[in-house]
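One structure is given here, and the rest of the page talks about it.
The values are calculated or read from the model by the stated rules, or taken from the named source; none is laboratory data. In this text the structure is predicted, and so the values were computed from the model without any measurement. All Cβ positions, glycine included, derive from the backbone under ideal geometry; neighbour counts span all protein chains shown. These accessible areas exclude ligands, DNA and RNA; they are computed on the full protein's heavy atoms, side chains included. Shrake-Rupley method; radii C 1.70, N 1.55, O 1.52, S 1.80 Å.
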Number of protein chains: 2
Amino acid sequence: MTEALSTSKEERMINFQTSPDQYKHWKLRVAGPLATLSMDVSEDVTLGEGYKLKLNSYDLGVDIELADAIQRLRFEHPEVKAVVITSLKPRIFCAGANIYMLGTSSHAFKVNFCKFTNETRCAIEDDSRHSGRRYLAALNGTASGGGYELAIACDEIYLVDDGNSAISLPEVPLLGVLPGTGGLTRLVDKRKVRRDRADVFSTLAEGLKGKRAKEWGLIDDYFPTSKFQESIDGRVNEIVGSNGVGQPMVGIKLNPLQPEVKPAGREYKYVNLVLNREQRYADLTVRGPECMPQKSPAEIERAGDSYWPLQAYRELDDALLHLRVNEPEIGLVCLRTQGEISNVVSVDENLIAHRDHWLVREIILYMARVLRRLDLTAKSFFSVVEPGSCFAGNLLELLLASDRSYMLNHPDELVEIMSSELNAGALPMSNGLSRLQSRFLAEPEKAEAVLTRTEPFEAAEAEEAGLITFAPDDLDWEDEIRVAIEERTSLSPDALTGMEASLRFAGPETMDTKIYGRLTAWQNWIFQRPNAVGPEGALTNYGKPTQAHFDFKRT
Amino acid sequence: MTEALSTSKEERMINFQTSPDQYKHWKLRVAGPLATLSMDVSEDVTLGEGYKLKLNSYDLGVDIELADAIQRLRFEHPEVKAVVITSLKPRIFCAGANIYMLGTSSHAFKVNFCKFTNETRCAIEDDSRHSGRRYLAALNGTASGGGYELAIACDEIYLVDDGNSAISLPEVPLLGVLPGTGGLTRLVDKRKVRRDRADVFSTLAEGLKGKRAKEWGLIDDYFPTSKFQESIDGRVNEIVGSNGVGQPMVGIKLNPLQPEVKPAGREYKYVNLVLNREQRYADLTVRGPECMPQKSPAEIERAGDSYWPLQAYRELDDALLHLRVNEPEIGLVCLRTQGEISNVVSVDENLIAHRDHWLVREIILYMARVLRRLDLTAKSFFSVVEPGSCFAGNLLELLLASDRSYMLNHPDELVEIMSSELNAGALPMSNGLSRLQSRFLAEPEKAEAVLTRTEPFEAAEAEEAGLITFAPDDLDWEDEIRVAIEERTSLSPDALTGMEASLRFAGPETMDTKIYGRLTAWQNWIFQRPNAVGPEGALTNYGKPTQAHFDFKRT
């Protein structure tokens, strides 16, 4: 396998920040309650070399813009009630992930690419479910592979009936891999397509056109070319009308983050990332809010993206993405916090008090998405609770999201953690449970006890309450942390990824966890198999004069 | 990777049939309501070459005996109320799957080995849940890896406190792979161990001894050596006493199956397997019962293992295992049936009428396990419904378990399928749903309509009811089947495995589906990774003077 897209720091840093005025592949147009997000991929503007983004196919760079657009709709355009996703290219909606990009990417890059695209599609569904924006996929041309997977993440799918346009998932028949951006799972779990029909559809390279696609539940409707636009407009009007008028809302601006980039890390305003590359671990510190004034919704709107919860979590999000894609050798992240517990708890109270306000709701939902991004990051996380830290409320979630936590038990120094009402379910994991519920599956009364306590926990109390893993005293502290880091980073990174993916998600499963657990794990397996990526594999040989040859042994 | 354990037909056929008098590794002792299943692995009696089964480590041959013992307990010893699983070796309960066996096995063999061992452990839990037998793991010595995974499949775990014996899951720290026989999932989902403690335990090569193991919920109790046996006995007496006396039950005998083995298949009494090796597909035909007399429970007991449902499903089970392990190149199985629909439905009515009788209950539960084995088999299944077939009641489940079905729509010939009460939930999938429920997630009323109809369905009716995928007429029939087979067997076998694993299990997840979906898929991925199986991988280098070296990039 070539490593053309290997993302080691020497070669290329992938930047996850962008904004509509910088988009190369999407046009975002907002007109009152309607947003139109049009795909118009510039085939020469690629993140890597050696491929062209023909036919609205995409690479990570295209998806970073899509993720940014979804995010900005929520914060900058709260007045939008319907989002139409369509294409500006004739006869093609989207051809999915670029196959040549995949064929020349390293295994790790493919896996990270798929994870990010999955998170973007889940963010669309999160917006629809919690913020009520309705997403319409207006397929004015063929949607294949990731193109149809983008459509199926929307609430409604409409296909043009032009005698040619189809929807398809050609990954299995053409490439020997899975439609791994949620496609298979959403077929049977979201649209509840009958499994035998899903089987036929997923093995049919040419896909299905309007009539049968509708009959099988793969799309909601189809319209002839001449009526396509008016039918979409009609549906949009229904949505916009039925969603009520409400007061006009004015969004806030998401300004660029401005981290100071250093050789050994990144310093944001509230987040500091220090890379200990030799030891293959990072220290990721989140600083709590500087003060604790209660803000009114109007004041929060005025503060905009400088309001602590929004700024801190945007920075945390960026740091996590950076770690994933640009720092693959970092295997362990030590999560630390700095600040006043009372300030964090005060911010949480403020958020809870105004959670029905659109911006506060969006901020809380975004904090939840960032924490889920952490849950789904293939690195170990240890929380380190020391004097001066503020693992309280929303930042207590960092501790609860960690694979382990260490809390200093010091006779003379104040080391505390604390819960807030935000820990009671406002920041759910992908499995639908709060992190406290997931932690105390065997003893739900312990989760209750943590939530009802209004005082901080010292180390011994936190240990007794089951909140932390270890509480070494000050004599053992440094050695214990050092040894824990050394041991963790000596283990097989692959075994740790599989282990953490299993242990982090106890309890119920949801469509999201099925996508990230079951589907992704199978895709990762297939992405390693010679039948896909070997010299004779289907992915390797796609579009070449050579043909794939399979080892037909079933595993 | 060496292919020393490659199981191609030229080299070695693995036989899944055995009986207690042939056991080499286990002693099964039944004394009234107590069965003791003692592990005493003969280190030289291995299924493959190049390794010894030291320290009660196991290979597939050892687990075939365990599966047989569990099965015989249910049918031959219904009087048993408690099963104690223990060891006859000093200071060691079980060291888990043999590492040298794993290190020298092909990827496909490892995957099939793990699947079978998982099914055996799920069969223990199935017995406990549905037949009320209580399984006690009496760990009279160290239980590591698969040894602890066997224990955690039991209802209760007791560890000797001899200053030395421990439980451990050393796979991640020592071998760079997962505890893949359900261990990680059962830690957090069955025993609901806190995830940070599960993390610590699963990365601690030496494991935990009694006190902390109990504190963390990994075992139920621990006893000093001098009190170990009497404590186990005491617990057994409690179980046997509280389970009530009941009437003494006499089991039936499970006689050896006697298939005629041919170069191109196997002919059992009710099951015929024809291997079309050139085309890489098999025809698997189940013959329905010859007649339809209603049998009383006493008559069913007298018929014993020759009673159609038991014999046919034992044969089907054996054929599926044979296909999995001995015929890896067969990618597609065409399921066919032969017989009278009225006879199958009559047998089902008989089973339903007496489902509270112990033997009938065991037969139905076993049919359900065999059908789940089919759901979990990494081959494509097409059902082919032709004149003379009898896809009715329990055999309709074969059709519902298939990835697709084809039913001949013939103007002159009678081709029918039919439901029975057994389709209403008595034969659940691993996800807890009936196959009709899984099929009609979007339209549950359709499942109801199928169940309430007391007439057979002809092809057009079956298609209308949503029961079949395609109903070609007699002109197209042969071509359509031929093309479908050719197309299916031309696709990437790996992509099909991942696709089928995703599409077959829509809807809810259970601990079982998490084990077979999430955990197994991650393990399969890791079993392909150079960090485990490459020349410098941890599994490859275990126990050698050479050391593992990892590529530390996190994926």
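Computed values, structure above
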quantity: Complete set of residues in the stretch A:474-487 that are farther than 17 Å from A:Arg336 by Cα and open to solvent by less than 60 Å² (accessible area, probe 1.4 Å); calculated: A:Val483
quantity: Residue in the stretch A:293-316 that is surrounded by 16 or more Cβ atoms within 10 Å (Cβ to Cβ), part of a loop (DSSP other than H, G, I, E, B), touching a residue at least 40 places away in the same chain (Cβ under 8 Å) and away from chain B (no Cβ under 14 Å) present; calculated: yes
quantity: Wholly enclosed helices (runs of 4 or more DSSP H) of the stretch B:118-215 bearing at least 2 residues closer than 29 Å to B:Tyr100 by Cβ, away from chain A (no Cβ under 14 Å) and among the aliphatic types (A, V, I, L, M); calculated: B:146-152
quantity: Selected residue (only one of B:Leu102, B:Leu178, B:Leu187, B:Leu150 is modelled with pLDDT under 95 and at negative phi); calculated: B:Leu102
quantity: The lone exception for A:Pro170 - which of (1) open to solvent by 10 Å² or more (accessible area, probe 1.4 Å); (2) touching a helix residue (DSSP H, G or I) at 6+ places or on another chain (Cβ under 7 Å); (3) not charged (D, E, K, R) it fails; calculated: (2)
quantity: Residues (closer than 14 Å to A:Pro472 by Cβ and touching a residue at least 60 places away in the same chain (Cβ under 8 Å)) located in the stretch A:384-412; calculated: A:Val384, A:Val385, A:Arg404, A:Ser405, A:Tyr406, A:Met407, A:Leu408, A:Asn409, A:His410, A:Pro411
quantity: Residue selected from the stretch B:198-220 under the condition within 29 Å of the chain's Cα centre (by Cα) and charged (D, E, K, R), by the criterion least open to solvent (accessible area, probe 1.4 Å); calculated: B:Asp199
quantity: Condition check for B:Tyr281: in contact with a strand residue (DSSP E or B) (Cβ under 6 Å, 6 or more places away or on another chain) and surrounded by 21 or more Cβ atoms within 10 Å (Cβ to Cβ); calculated: yes
quantity: Count of the stretch B:422-473 residues which are crowded, with 18+ Cβ neighbours inside 10 Å, over 18 Å from A:Arg197 (Cβ atoms) and free of Cβ contacts under 8 Å to residues at least 40 places away in the same chain; calculated: 2
quantity: Search result, residues across the stretch B:240-280 that are β-branched (Val, Ile, Thr) and at pLDDT below 95; calculated: B:Val240, B:Val245, B:Val250
quantity: Residues of the stretch A:57-116 satisfying the condition of being among the β-branched types (Val, Ile, Thr) and in a helix (DSSP H, G or I); calculated: A:Val62, A:Ile64, A:Ile70, A:Ile99, A:Thr104, A:Val111
quantity: Selection count where residues are in a helix (DSSP H, G or I) and either surrounded by fewer than 22 Cβ atoms within 10 Å (Cβ to Cβ) or within 14 Å of chain B (Cβ to nearest Cβ) (or both), scope the stretch A:375-395; calculated: 1
quantity: Residue list for the stretch B:497-513, restricted to those being more than 7 Å from chain A (Cβ to nearest Cβ) and assigned to a helix (DSSP H, G or I); calculated: B:Glu500, B:Met511, B:Asp512, B:Thr513
quantity: Residues located in the stretch A:353-374, provided they are closer than 30 Å to A:Asp494 by Cβ and open to solvent by 10 Å² or more (accessible area, probe 1.4 Å); calculated: A:Arg369, A:Arg372, A:Arg373
quantity: Criterion (touching a Leu at 6+ places or on another chain (Cβ under 7 Å) and within 14 Å of chain A (Cβ to nearest Cβ)) met by exactly one of B:Ser402, B:Ser438; calculated: B:Ser402
quantity: Enumeration of residues in the stretch B:518-529 that are farther than 19 Å from B:Ile152 by Cβ and either in contact with a Ser or Thr (Cβ under 9 Å, 6 or more places away or on another chain) or among the aromatic types (Phe, Trp, Tyr) (or both); calculated: B:Ala521, B:Asn524, B:Trp525, B:Ile526, B:Phe527, B:Arg529
quantity: All positions within the stretch B:515-554 that are farther than 19 Å from A:Pro179 by Cα and within 7 Å of another protein chain (Cβ to nearest Cβ); calculated: B:Leu519, B:Gln523, B:Ile526, B:Gln528, B:Arg529, B:Asn531, B:Ala532, B:Ala538, B:Phe550, B:Phe552, B:Lys553, B:Arg554
